[in-house]
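K.L.:
Pasting a structure here, questions to come.
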Amino acid sequence: MKLRLYHHPDGARIAYREAGTGPPLALLHSRGLSHREWEPVVDELSYRFRVVLPDLPLHGDSEDRPRHPYTPEWLTSVLVGFLLDACGPHPLVAGHDAGALLAMRAIADGSLRPSKLVLMPSALHRRPQRSTFERVGRVAVQAAVVPGCDRLLSYAGALAVRPKRGDRMSVTGAPGARDLVRHAVMDLGGNANRARSWAKAAKRWPHGAQRDLLDAYPAMDFPVLLLWADDDAAHPLAIAEETLDLLPDGQLRVLPRTGFLIAYDDPVGLARELVAFCG
């Protein structure tokens, strides 16, 4: 895959990879991971699409300097700038978890209009369901704004998020799940900049349900695929069913025996559904 950089007007950078030729298809990864979340499906999709795999801000090789605000509005603006630059004015977009939420925020504020949209498991308009580990981590990371705590917390975060956490994100014991988590945190220890920037984002991201998205669904008159996992406790199927009822041109597909790491649990099924819908 080719590594490229997009530079936003304010200097923020988005690192992204490309593979294949054809219509551009942007795959937006989930919170805490990186573009490698999609590795199991890249080869299959690259026969039909130019697969575009960004690292979202604060992830992978993308922007993490604390001079940026990291508000939801800023994150959305950077993502939209990247998509328009790398994929054109009406891209094919697929998002999972945080990637899906950022895409939806951009659609809701009118800055993004994809030709087709795939939404994979995400809280969307509901209040996120966080584990105790995640709730404690969100509170702890905000202490990184205190001088001297940023570097300490970066090491603590790298120690807390162990590769075996990947086993709990997959329902099939998928090979590579641990490596995915290991890669996601490999540059965290000692990265004080990232710790301070995550503290900003954790403080400013909405804690509750983003109910304003309920008003956006009826205006989305382009094709939307809700591609859901059947065993992701944090994102139950009811979220997709509620969304489907409000979409003018929506459809719902459920992949059996899949959990949070949907691309690892069933790469063949995921690629098949994406090709059938987007191709």
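Here, each number is a calculation from the coordinates, and none is a lab measurement. In this text the structure is predicted, and so the values were computed from the model without any measurement. Don't worry about glycine lacking a Cβ; one is built from the backbone with ideal geometry, like all the others, and counts go over all protein chains shown.
K.L.:
Hey, got the dipole for the range 41-87? About the Cα centre, +1 on K and R Cβ, -1 on D and E Cβ, debye to the nearest 20? Spell out each step's value before the answer.
P.N.:
Working: 4 positive and 8 negative charges, 24 e Å.
Once rounded to the nearest 20, the dipole reads 120 debye.
K.L.:
Along the charge dipole of the chain, Cβ charges K/R +1 and D/E -1, which of P91, L270, Q210 sits furthest on the positive end?
P.N.:
Result: Q210.
K.L.:
Within the set of other residues whose C-beta is less than 11 Å from the C-beta of H29, count the net charge using Lys and Arg as +1 and Asp and Glu as -1.
P.N.:
-2
K.L.:
Another question about this same structure. Rounded to the nearest 500, what is the chain's calculated 222 nm mean residue ellipticity when only DSSP H runs of at least 4 contribute -39500 (n - 2.57) each, over all residues?
P.N.:
Here the helix-only value at 222 nm equals -11500 deg cm²/dmol.
K.L.:
Right, here's the next one. Once you charge only the Cβ atoms, +1 for Lys and Arg and -1 for Asp and Glu, what is the size of the charge dipole of the chain about its Cα centre, to the nearest 20 debye?
P.N.:
1000
K.L.:
What share of the DSSP beta bridges in the chain is antiparallel, in percent to the nearest 5? Working shown, then result.
P.N.:
Working: 10 of 30 bridges.
Of the beta bridges lying entirely in the chain, close to 35 percent run antiparallel.
K.L.:
Taking a ≥ b ≥ c as the square roots of the eigenvalues of the Cα gyration tensor of the range 1-61, is the shape rounded (a/c under 1.5), prolate (a/b larger than b/c) or oblate? Don't jump to the answer; show the numbers that get you there.
P.N.:
Working: a/c = 2.53, a/b = 1.47, b/c = 1.71.
Oblate, since a/c reaches 1.5 and b/c is not below a/b.
K.L.:
Can you list the residues, at least 5 places off or on another chain, whose amide H is less than 5 Å from the amide H of L28, using H built in the peptide plane?
P.N.:
A94, G95, H96
K.L.:
If you rank M120, M186, M169, M220 by fewest surrounding Cβ atoms within 10 Å, what's the result?
P.N.:
Ordered by Cβ neighbours within 10 Å, fewest first: M186, M220, M169, M120.
K.L.:
Please check: in the Gaussian network model of the chain (C-alpha springs, under 10 Å), which one of V78, V268, V42 has the largest mean-square fluctuation.
P.N.:
Between V78, V268, V42, it is V268 that shows the largest mean-square fluctuation.
K.L.:
Apply the a/c threshold of 1.5 to the C-alpha gyration tensor of the chain and tell me whether it is rounded, prolate or oblate.
P.N.:
Cα axes put the chain in the rounded bin.
K.L.:
Follow-up. Quick one: among L45, L246, L83, which has the greatest mean-square fluctuation in a GNM of the chain with alpha-carbon springs under 10 angstrom?
P.N.:
So, out of L45, L246, L83, the one fluctuating most is L246.
K.L.:
While we're on this one: Which of the three applies to the range 191-240, rounded, prolate or oblate, going by the alpha-carbon gyration tensor with a ≥ b ≥ c and a/c under 1.5 meaning rounded?
P.N.:
prolate
K.L.:
Quick check: residue separation of H7 and D187 times 0.36 nm, minus the Cα distance between them. What number comes out in nm?
P.N.:
Result for the pair: 62.7 nm of gain on full extension.
K.L.:
Give a residue-ordered list of calculated ³J(HN,Hα) values for the range 176-181 (Karplus: 6.51 cos²θ - 1.76 cosθ + 1.60, θ = phi - 60°; whole Hz; x for Gly, Pro).
P.N.:
Going residue by residue, I get x, 5, 5, 5, 4, 5 Hz, with x marking Gly and Pro.
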